[in-house]
Amino acid sequence: MNTIPTTLDAGTVPYTVVGAPKPGGGGEAPALSVVLLNRGSRLYRGDPIAELERVGLGSVVSVEPKPESLDLEALSARHPGARFLLLSEPASPGAQINLAIRESRGPYVFVLWSDMALAAQGLSSRFFERLAERDILCQAPDLFARGGEQVPAAASPAFNRSSLKVLSLPPAKDGTRSLFPFDYAGIYSREKFVLTGGFDARLSNPYWQKLDFGFRAWLWGEEIRIAQALKVSYADAPTSEDETPDECYKWFWLKNLAPSFRGDCGAIGPSRFWSYLRSRGGGAPSALGEFRAAREWVRKNRFRFRTDAASLVDLWEES
């Protein structure tokens with residue numbers, strides 16, 4: 001895994017799409033389409049596509065990790081505006097989103113899970129106007145647990161000495177900044193998502209995959225903010241995640257914490273190799289190859305950088 005993807009297509013898993021035609025196949029693309037990620041048993045989760053249709057969101061790409069359990073003919077007949085993306089092998093949530101956003105219609109894509117319910121009153125005409133006005137990478141929802149408690153969905157970075165800490169806080173106001181979209185949920189600008197390269201499909205740990213995506217977005221001048229008018233509730237408790245540094249963490253460190261910003265571009269200096277050895281916990285033979293791959297990736301994307309990790313966290317704490 002000593003290469004780093006630079007485009008949305010990297011790490012694509014084989015899949016098949018069943019249902020309504022792709023863009024260009026007839027009909028006007030909606031302003032907002034939906035990517036529905038599925039988890040839990042279909043038997044017990046009801047019909048989330050029907051709920052989305054009820055609130056006026058009928059253009060849906062439903063990602064199905066276990067297509068063998070589906071009655072596709074019945075589903076397509078019941079939901080003629082939906083498309084079903086059938087995976088032929090397991091894929092991380094970020095990899096699923098990459099595929100589904102590529103297949104989605106319209107300039108904005110709302111990523112939701114099958115165990116989430118959207119409060120329809122938030123989707124007013126004024127809300128859709130503000131989507132274009134804000135013109136940011138992702139507007140994440142204000143999330144609530146089953147009992148109505150607000151989920152601490154705003155991720156805020158801080159440094160404790162030289163170690164990065166990510167604090168999870170309830171959003172204090174509309175437009176609160178978040179380092180990444182909690183549980184991947186949010187309305188993404190399709191164009192900006194593609195330009196940032198999407199989620200790194202190689203990172204199997206969802207926590208580090210989201211943190212890599214969000215950190216890279218902020219370093220490259222994009223924004224992720226919470227829209228409090230967009231209220232989403234869980235049918236049950238939010239899924240817990242493993243935040244232990246692992247193989248995915250090292251790539252997050254190389255791509256996001258190692259680069260410095262000088263003049264008008266980002267770069268990783270050769271001396272950062274020793275910091276990398278310490279951060280990954282030893283001098284494995286593959287460390288030099290990984291470090292060189294990261295330096296090359298940063299070199300290719302050097303003019304995308306607008307800041308570095310230290311400056312981002314300093315300004316975050318001041319705002």
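The values are calculated or read from the model by the stated rules, or taken from the named source; none is laboratory data. Here the structure is a predicted model, which is why all the values come from computation and not from measurement. Backbone-built Cβ (ideal geometry, glycine too); neighbour counts: all protein chains shown. Each accessible area value is taken on the protein alone, full model and side chains, heavy atoms only, with ligands, DNA and RNA left out. Shrake-Rupley method; radii C 1.70, N 1.55, O 1.52, S 1.80 Å.
Across the accessible surface of the stretch 164-297, with the other protein chains kept in place and a 1.4 Å probe, carbon and sulfur atoms take up 54 percent. About its Cα centre, the dipole of the stretch 139-254 is roughly 320 debye, where the only charges are +1 on Lys and Arg Cβ and -1 on Asp and Glu Cβ. The GNM of the chain, with springs linking C-alpha atoms under 10 angstrom apart, assigns the highest mean-square fluctuation among Thr244, Thr176, Thr307 to Thr244. With respect to the chain, whose longest principal axis is taken over its alpha-carbon atoms, helix 93-103 is tilted by about 60°. Of the beta bridges in the stretch 113-239, as assigned by DSSP with both residues counted there, near 70 percent are antiparallel. Principal-axis analysis of the Cα atoms of the chain puts helix 206-219 at an angle of about 70° to the longest axis. For the chain, the solvent-accessible area of protein heavy atoms averages 46 Å² per residue (probe radius 1.4 Å; ligands and nucleic acids excluded). The long axis of helix 125-134 is offset from the longest Cα principal axis of the chain by roughly 20 degrees.
Largest mean-square fluctuation among Gly56, Gly94, Gly263, in a Gaussian network model of the chain whose springs join Cα atoms under 10 Å apart, belongs to Gly263. Counting only DSSP beta bridges whose two residues both lie in the chain, roughly 55 percent are antiparallel. Listed by chain and number, the aspartates and glutamates whose alpha-carbon sits under 20 Å from that of Lys192, ignoring those within fewer than 8 places in the same chain, are Asp9, Glu103, Glu129, Glu133, Asp135, Asp183, Asp200, Asp212, Glu222, Glu223, Asp308.
Dipole magnitude for the chain: computed about the Cα centre from +1 point charges on Lys and Arg Cβ and -1 point charges on Asp and Glu Cβ, it is near 880 debye.
Taking the average, over residues, of other Cβ atoms within 10 Å as the packing measure, peptides 222-231, 136-145, 72-81 rank 136-145, 222-231, 72-81 from highest down. Candidate values (1) 54, 51, 40; (2) 67, 62, 38; (3) 60, 41, 36 were compared with Cα extents along the principal axes in Å computed on the shown model; the agreeing label is (3).
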